[in-house]
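Here is the structure we will look at.
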There are 2 protein chains.
Amino acid sequence: MSVNVNSTTPARNIKLVVAYNGAGYHGWQRQADGVDTIQHLIEQSAGRLVGHPVAVNGASRTDAGVHALGQVANFFTINHSIPLRAMRRALNSLLPRDIAILSAEQVNDDFHASRCAVAKTYKYRIYVAPVRSVHLHNLVYHYWRWLDVEAMQDAARRLVGKHDFRGFTCSAEARRNTVRTIHHCEVYQSGDEIIVSITGNGFLYKMVRNIVGTLIEIGRGRWAPDRVDMILSSRNRDDAGPTAPAEGLYLVSVQYPDK
Amino acid sequence: MSVNVNSTTPARNIKLVVAYNGAGYHGWQRQADGVDTIQHLIEQSAGRLVGHPVAVNGASRTDAGVHALGQVANFFTINHSIPLRAMRRALNSLLPRDIAILSAEQVNDDFHASRCAVAKTYKYRIYVAPVRSVHLHNLVYHYWRWLDVEAMQDAARRLVGKHDFRGFTCSAEARRNTVRTIHHCEVYQSGDEIIVSITGNGFLYKMVRNIVGTLIEIGRGRWAPDRVDMILSSRNRDDAGPTAPAEGLYLVSVQYPDK
């Protein structure tokens, strides 16, 4: 399948909402060595569908093993022959079953999935039980011992607001602006799981997983909840907890300004 | 590892509660051709642990692809050197990660996991959404279209009580007693899923999946809820719906008389 390409053809900007099981992938972002990434597979499928190469731009570059319930991406196509209604189904038939397009819609040319995002919501699933879950392999972080949810809730509240999160990222980010605003950070029990839900205007590299790793240290009693205040003021990564494993992390949704 | 075996050694009767993801297995029951079954793998692991061959007896012979949250099994061992506390952990380290021993306890010699069972509870997960779930592959039955939960609830209530369920099993069971008592049958929405929960004193071959297949036909409007009454009185398999796929079915728990 091919289309006539010339510089005057108006392009359609297509916004995708994407879910994926990250267990089998080297993360979102296309890599030079051609390993399986989610971006690469969507670009291949979309390119095959529209008949010309496309560049798919994602809101969040999720790491290897991280999942998405509502990643947002966009791409431009000069192919006008495929109705939007057919696009979701066609892409899903081309993609492997651990990646799914939840919606495809045409948006204004100035929509850019990462640059236009004003907030993102992540959740982290901690499965707390003495025995592994046979049905949640690679979908939760299994923690064997009891965690103090109230202490974790106390700590989570201290993260809300505008802070310098340098202590919760890696040293490679040290020269960037590391101030971010957390709008919401909640910890709650749901069956055998403790869920950490967090919304902010942006997240530094591994920031959510470093926050969760710190909350787990507080939950198991190594530190008091005010450890969070200390890390926010010291801005020293060594004061925070270990990076929680990728398998428990989900990109839930990406928020954009109302038109 | 080996133990001295002689006829006067008193045996310990060990009761196991087992969870498994059935997706990778040819069901519970050991088969002559040596394919992977859950019973066979537990017998191998338990035999390796106690140092002599064991026969593991399960409460329910779940079919290929069917899951368990609380299957119950028992086996006898003449090995007294392994404390019960260590047995669960040791078995879990020997078993593949999609099978897990939730508990191991010593019970009276007369306990027999299948013969002593007085009731079993199953649930069936129907994932209702226009797009497949990337995280629930093999763990739910994906149904694309809307289902009328109230009609399914009405139909489910008609199954409760003592009835001849011949119309909900296959013809090979025709010469057996096909009367069973359903104590409880409930249909409810949970997020994107419709759950069918059913407890009874016993279930015929594929009875739960044939009931669910019938409830789905009622939910999608092909039949009215009183179709259930008709099937219970006609006792004709041809009047019931198709067998729902194995992947949505879970053995939740097995009940035994209080001592």
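What follows is calculated from the coordinates using simple rules that are stated; it is not laboratory data. None of the values given here were measured: they were computed from a predicted structure. Virtual Cβ from ideal backbone geometry, glycine too; neighbours counted across all protein chains shown.
Taking chain B as a Gaussian network of alpha-carbon nodes connected by springs under 10 Å, the highest mean-square fluctuation of the residues B:112, B:80, B:163 belongs to B:80. With a Förster radius of 51 Å applied to the beta-carbon distance between residue A:131 and residue B:226, the computed FRET efficiency rounds to 0.70.
Each Cα pair under 8 Å and six or more residues apart adds its sequence gap; the mean of these over the residue count of the range A:119-255 is a relative contact order of 37 percent. With K and R counted +1 and D and E -1, the other residues having a Cβ less than 11 Å from that of residue A:216 yield a net charge of +2. Computed from Cα atoms, the angle from the helix A:207-219 axis to the main principal axis of chain A rounds to 30 degrees.
Got the relative contact order for chain A handy, in percent, Cα pairs under 8 Å and 6 or more residues apart? Relative CO of chain A lands at 23 percent. Computed over neighbours whose Cβ is under 9 Å from that of residue B:24, the net charge equals -2, Lys and Arg +1, Asp and Glu -1.
Counting only aspartates and glutamates at least 8 places from residue A:206 when in the same chain, those with an alpha carbon closer than 12 Å to its own are A:63, A:173.
Between residue B:48 and residue B:255, the FRET efficiency from the beta-carbon distance, with R0 = 30 Å, is close to 0.45.
The modelled label-to-label distance for the pair residue A:55/residue A:201, using points 7 Å beyond Cα in the direction of Cβ, is 2.7 nm. Relative to the Cα centre, the charge distribution of chain B, modelled as +1 at Lys and Arg Cβ and -1 at Asp and Glu Cβ, gives a dipole magnitude of about 360 debye.
Between the alpha-carbon centres of the range A:196-257 and the range B:185-259 there is a gap of 44 Å.
Here the range B:48-80 and the range A:19-98 have alpha carbon centers that stand 44 Å from each other.
If you plug the beta carbon distance of residue B:162 and residue B:110 into 1/(1 + (r/R0)^6) with R0 = 35 Å, you get a FRET efficiency near 0.80. Listed by chain and number, the lysines whose C-alpha is less than 24 Å from the C-alpha of residue B:15, apart from same-chain residues fewer than 8 away, are B:120, B:123, B:259. Peptide B:89-102 has a mean shielding of 2, counted as Cβ atoms of other protein chains within 10 Å of each residue's Cβ. Considering chain A at the alpha-carbon level, its Rg and Dmax are found to be 20.0, 64 Å. Round to the nearest 10 and give me the degree value, 0 to 90, for the angle of helix A:84-94's Cα axis relative to the longest principal axis of chain A. That helix lies at roughly 70 degrees to the long axis.
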